Amino acid sequence: MSSALTEEIAATAARLVVEEGMEYGPAKRRAARVRGRASTRAAELPGNDLVEDEVRNYLAIFCADTQPAELAELRAIAAIWMERLAEFRPHLTGAVWRGTATRLNNIHLELFCDDSKAAELALIDRRVD
């Protein structure tokens, strides 16, 4: 695949990530189809690093007035949940951690504990699916 096509797919995928809240994999596959690429095998798609760069570019151009506040709100919510789940050593991951999240993104926390049932019960007690 040509470098220009790879960059076009990455830019289109970035738009889908930001505007529709898609994850990188599905966004890259849809972007490849939009750009007329029949094959959507992972080896033929742009890497996540290139898509990440394009997401940051897209945010800087089109979302500079809204995204920082949206990210701050998501990080504040994440901090609350990290405190609530402190006994399970939560780690923030995903777009909120990377700084590229918008209101369309989910907050991803990974919990580290010896007994996964204890974490599951704590989440059920807090009415979290």
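The values are calculated or read from the model by the stated rules, or taken from the named source; none is laboratory data. This one's a predicted model, so the numbers in the text were calculated from it and none came from an experiment. Cβ atoms come from the backbone with ideal geometry, glycine included; neighbour counts cover every protein chain shown.
Remarks
- In region 17-36, the residues that are surrounded by fewer than 22 Cβ atoms within 10 Å (Cβ to Cβ) and in contact with a helix residue (DSSP H, G or I) (Cβ under 7 Å, 6 or more places away or on another chain): MET22, TYR24, ARG30, VAL34, ARG35
- Taken as a whole, the structure leaves ARG75 outside the set of residues that are free of Cβ contacts under 8 Å to residues at least 60 places away in the same chain, charged (D, E, K, R) and assigned to a loop (DSSP other than H, G, I, E, B).
- Here THR40 fulfils each of the conditions (1) surrounded by 13 or more Cβ atoms within 10 Å (Cβ to Cβ); (2) polar (S, T, N, Q); (3) at pLDDT 95 or above apart from (3).
- Yes/no for GLU87 being within 30 Å of ARG126 (Cβ to Cβ), in contact with a Cys (Cβ under 8 Å, 6 or more places away or on another chain) and assigned to a helix (DSSP H, G or I): yes
- Condition met for LEU92 (buried (at least 17 other Cβ atoms within 10 Å of the Cβ) and over 15 Å from VAL18 (Cα atoms)): yes
- If the condition is being of a type in the set (A, V, I, L, M) and either part of a loop (DSSP other than H, G, I, E, B) or under 22 Å from GLY94 (Cβ atoms) (or both), then region 108-129 contributes LEU109, LEU111, ALA119, ALA122, LEU123, VAL128.
- Residue in region 48-56 that is among the charged types (D, E, K, R) and touching a Gly at 6+ places or on another chain (Cβ under 9 Å) present: yes
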